[in-house]
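Student: First, the structure itself, so that you have it in front of you.
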Amino acid sequence: MRTSDHPNLADELTAPKPRKIIALLVMQANHIVPTTAMARELWGDNPPASVQTTLQTYVLQARRLLGRALGLSPADVARRILVTKFGGYQLNVSHGSVDVNEFARLAAEGQHAFLEGEDERAVRLLTEALDLWSGPPLVDIQAGPLLSAEIRRLEENRLTVQMQMVDAKLRLALHDQLPGELAGLAAQYPRNENLHAQYMLALYRCGRCPDALDVFRRLRERLVDELGLEPSLKIQALHRAMLAADPALDHGAVPTEGNLLLDGLAPTAPGREPWATRRAG
């Protein structure tokens, strides 16, 4: 959350529990956060007998912090910004003042551009969305059950945006920009088949077919050793296409159906055409 004069106003609040309250309110900005949710985040299933009074104290601290940041009295903050609602509290913020909401807006516009085939615009919007990230979400918060779920949601959304941007760059023949980025992502998400498929295709188009095949080998070994599973038929089809040097792998033949690379690949049985997808016309 940002204000014009206080880019990181929550840094002024050092006590862990009030910081959790601020985080919950920001993550649900312009929506009511029930006091029961606040209590569960702070104390789990064992809230103190004084839970309501303690929550009121934490909210008062948050109002004082917001008042200093915005140049308002705590009373004005209580009336306009951090307001009491039936059963909870609501933080009212203006458009664009919470990074997570701006990220969601840019990501949605970027995904729409990608599905419409406007790849340059998609890359620009998705890059703007990712540039809002400065590190892991809520890294300075001792997250309880609710914030932990929010962190997982944010991380999944970020990964989806990263993969969509990679697909857009592949369609723009910008594969030479991708191996380094995808090497890091594949290491961070070692079981994510879509990331590995993207990594394989980027390497293949860079003239590094042996490296692309090695990515598949390592993925398969990990899945078999750790889970007892073979890779999906879709990524097996991509692997066979590389072994056969299928010309459809070159240029802009990334599938246009679906949101991500593997979504547009039809699984094929051994002996059939390995790269079953729409050719670039």
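Student: Give the residue, chosen from E128, E102, that is free of Cβ contacts under 8 Å to residues at least 40 places away in the same chain, in contact with a Leu (Cβ under 9 Å, 6 or more places away or on another chain), in a helix (DSSP H, G or I) and open to solvent by 70 Å² or more (accessible area, probe 1.4 Å). Spell out the reasoning first.
Tutor: On the way: E102 fails: open to solvent by 70 Å² or more (accessible area, probe 1.4 Å).
None of the other options fit; the residue is E128.
Student: For A168, indicate whether it is open to solvent by less than 70 Å² (accessible area, probe 1.4 Å), assigned to a loop (DSSP other than H, G, I, E, B) and more than 30 Å from L24 (Cβ to Cβ).
Tutor: On the way: open to solvent by less than 70 Å² (accessible area, probe 1.4 Å): yes; assigned to a loop (DSSP other than H, G, I, E, B): no; more than 30 Å from L24 (Cβ to Cβ): yes.
For A168, the condition - open to solvent by less than 70 Å² (accessible area, probe 1.4 Å), assigned to a loop (DSSP other than H, G, I, E, B) and more than 30 Å from L24 (Cβ to Cβ) - is not met.
Student: Same structure, new question: If I ask for residues that are part of a helix (DSSP H, G or I) and open to solvent by less than 60 Å² (accessible area, probe 1.4 Å), which ones from region 216-233 would you list? Working first, answer last.
Tutor: Going through region 216-233, the residues part of a helix (DSSP H, G or I) turn out to be 216-227, 233.
Those that are part of a helix (DSSP H, G or I) and open to solvent by less than 60 Å² (accessible area, probe 1.4 Å): F216, L219, L223, V224.
Student: Just to check your reading of the model, which residue among R121, R68, R40 is over 18 Å from K20 (Cα atoms), in contact with a helix residue (DSSP H, G or I) (Cβ under 9 Å, 6 or more places away or on another chain), assigned to a helix (DSSP H, G or I) and at pLDDT 90 or above? Spell out how you get there, then give the answer.
Tutor: Working: R68 fails: at pLDDT 90 or above; R40 fails: over 18 Å from K20 (Cα atoms).
Exactly one of R121, R68, R40 is over 18 Å from K20 (Cα atoms), in contact with a helix residue (DSSP H, G or I) (Cβ under 9 Å, 6 or more places away or on another chain), assigned to a helix (DSSP H, G or I) and at pLDDT 90 or above, namely R121.
Student: Another question, then. Any chance you could count how many residues in region 144-165 are surrounded by fewer than 17 Cβ atoms within 10 Å (Cβ to Cβ), in contact (Cβ under 8 Å) with a residue 24 or more places away in the chain and of a type in the set (A, V, I, L, M)?
Tutor: 1
Student: Inspect all residues belonging to region 206-215 and state whether any of them is open to solvent by 60 Å² or more (accessible area, probe 1.4 Å) and assigned to a helix (DSSP H, G or I). Give the derivation first.
Tutor: Our first condition is that a residue be open to solvent by 60 Å² or more (accessible area, probe 1.4 Å); within region 206-215, this holds for 207-208, 210-211.
With assigned to a helix (DSSP H, G or I) added as a condition, the list becomes 210-211.
Checking region 206-215: at least one residue is open to solvent by 60 Å² or more (accessible area, probe 1.4 Å) and assigned to a helix (DSSP H, G or I).
Student: Residues in region 172-189: is at least one touching a Leu at 6+ places or on another chain (Cβ under 8 Å), in a loop (DSSP other than H, G, I, E, B) and surrounded by fewer than 18 Cβ atoms within 10 Å (Cβ to Cβ)? Talk me through it step by step, then tell me what you get.
Tutor: We begin by selecting, within region 172-189, every residue touching a Leu at 6+ places or on another chain (Cβ under 8 Å); these are 175, 178-179, 182, 185-186, 189.
Going one step further and asking which of them are in a loop (DSSP other than H, G, I, E, B), we end up with 178, 189.
Right, trim to surrounded by fewer than 18 Cβ atoms within 10 Å (Cβ to Cβ) and you get 189.
Looking through region 172-189, at least one residue is touching a Leu at 6+ places or on another chain (Cβ under 8 Å), in a loop (DSSP other than H, G, I, E, B) and surrounded by fewer than 18 Cβ atoms within 10 Å (Cβ to Cβ).
Student: Any residue at all in region 125-138 that's modelled with pLDDT under 95, over 28 Å from E41 (Cα atoms) and of a type in the set (S, T, N, Q)?
Tutor: no
The values are calculated or read from the model by the stated rules, or taken from the named source; none is laboratory data. Model, not experiment: these values are computed from the prediction. All Cβ positions, even for glycine, are placed from backbone atoms using ideal geometry, and neighbour counts span all protein chains on display. The accessibility values were calculated without ligands, DNA or RNA, using every heavy atom of the protein model including side chains. Shrake-Rupley method; radii C 1.70, N 1.55, O 1.52, S 1.80 Å.
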